Amino acid sequence: MIVAIDGPAASGKGTLGKRIARHYGLAHLDTGLLYRAVAYQLIQAGKPLTDEAEAAIAARKLDVETLDDETLRGAEMGAAASKVAAFPGVRAALVQLQRAFAARPEGAVLDGRDIGTVICPDADAKLFVTASAEERANRRFKELASRGDPITFDEVLADIRARDERDTNRAVSPLRQAEDAALLDTTKMDIDAAFRAAVAIVDAAT
Ligand code: C5P
């Protein structure tokens with residue numbers, strides 16, 4: 001069984017992906033971490049985020065087993081990730097790795113921006129998870145503040161809007177709802193309500 005979850009930044013798709021994977025006994029890949037890791041490697045190597053060739057090399061070297069959540073989770077890396085994620089060479093280098101993950105014998109949940117449209121178009125269940133930009137900024141702000149990040153709410157909202165804009169309007173694999181994906185708007189839901197709604201969608205599709 002393959003579950004594809006897409007949606008904009010801080011829509012709750014990562015948390016949902018994790019819980020759905022646990023519920024059905026599937027492996028889980030947060031594909032945003034891949035793009036974050038590519039950006040991180042460029043920054044570490046002192047290369048500009050505009051260097052497509054270097055970014056593609058970094059993408060080809062990624063190993064899903066060694067992604068370090070803690071370093072990659074910050075707001076800065078999210079913004080940097082959405083820049084390198086627009087490069088066709090980076091996206092192409094990450095396709096096989098994501099499809100290989102989806103083909104794991106136990107089945108898998110992948111969450112990202114183009115899972116239902118490009119990476120796993122034949123997924124058994126597809127969800128497009130969204131929420132208003134203000135609500136997403138609110139959630140992300142609380143999460144970052146609880147980790148001691150000094151970022152303000154307005155900065156988080158501006159970052160989310162800028163990322164939505166870049167992710168939706170890029171030429172390759174833009175963020176969009178697959179035709180056969182179920183829409184889950186979590187603006188007025190807490191995580192438990194969103195999880196129950198997501199399970200109902202997956203059960204109905206499989
Ligand atoms: O989901 P997350 O916020 O970790 O993603 C970081 C960035 O990586 C996104 O803003 C997006 O540009 C990019 N991304 C992508 N395709 C995916 C997952 C993430 O382009 N499947």
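The values are calculated or read from the model by the stated rules, or taken from the named source; none is laboratory data. Predicted model only: the values in this text are computed from it and were never measured. Every residue, glycine among them, receives a Cβ derived from its backbone with ideal geometry; neighbour counts consider all protein chains shown. Just the protein is used for accessible areas: all its heavy atoms, side chains included, with ligands, DNA and RNA removed. Shrake-Rupley method; radii C 1.70, N 1.55, O 1.52, S 1.80 Å.
Pairs of alpha-carbon atoms within less than 8 angstrom and 6+ residues apart define the contacts here; what relative contact order does the chain have, in percent? Don't jump to the answer; show the numbers that get you there.
Working: 334 pairs, mean separation 68.7, N = 206.
Reported relative contact order: 33 percent.
Near the amide H of A131, within less than 5 Å, lie the amide hydrogens of T186, all on another chain or at least 5 residues away, with H placed in the peptide plane.
Can you give the FRET efficiency for T152 and T206, using 1/(1 + (r/R0)^6), R0 = 30 Å, r = Cβ-Cβ distance, to the nearest 0.05? Computed FRET efficiency for T152 and T206: 0.10.
Averaging sequence separations of C-alpha pairs under 8 Å and six or more residues apart, then dividing by the length of the range 86-172, give the relative contact order as a whole percent. With pairs under 8 Å counted, the relative contact order is 32 percent. Taking each of K47/K126; K61/K83; K18/K47; K13/K47; K83/K188 in turn, the alpha-carbon distance tops 28 angstrom for K47/K126; K18/K47; K13/K47; K83/K188.
With an 8 Å Cα cut-off and a minimum separation of 6 or more residues, compute the relative contact order for the range 1-105 in percent.
Values: 90 pairs, mean separation 30.3, N = 105.
Relative contact order for the range 1-105 comes out at 29 percent.
Gain on full extension, evaluated as 0.36 nm per residue between R60 and A162 minus their Cα-Cα distance, stands at 34.0 nm. Here the accessible area of the range 98-137 is 50 percent carbon and sulfur, with a 1.4 angstrom probe and all protein chains present. Full extension of the chain between D124 and M1 gives 43.7 nm of extra length, using 0.36 nm per residue less the Cα-Cα distance.
The smallest convex shape that holds all Cα atoms of the range 117-176, its convex hull, gives 107 Å³ per residue. Of the whole protein surface, K142 contributes about 130 Å² of accessible area at a 1.4 Å probe radius.
With N set to the number of residues, divide the alpha-carbon radius of gyration of the chain by 2.2 N^0.38 Å and report two decimals.
Working: Rg = 16.1 Å, N = 206, 2.2 N^0.38 = 16.7 Å.
With N residues counted in the chain, Rg over 2.2 N^0.38 Å equals 0.96.
Less than 5 angstrom separates the built amide H of V109 from those of V3, A27, H28, L29, all sequence-distant by 5 or more or on a different chain. For the pair A53 and A171, label points projected 7 Å from Cα toward Cβ lie 1.9 nm apart.
So with the 1.4 Å probe, I'd like the accessible area per residue for the chain, rounded to whole Å². Display every interim value, and only then the final one.
Values: 9590 Å² over 206 residues.
Result: 47 Å² per residue.
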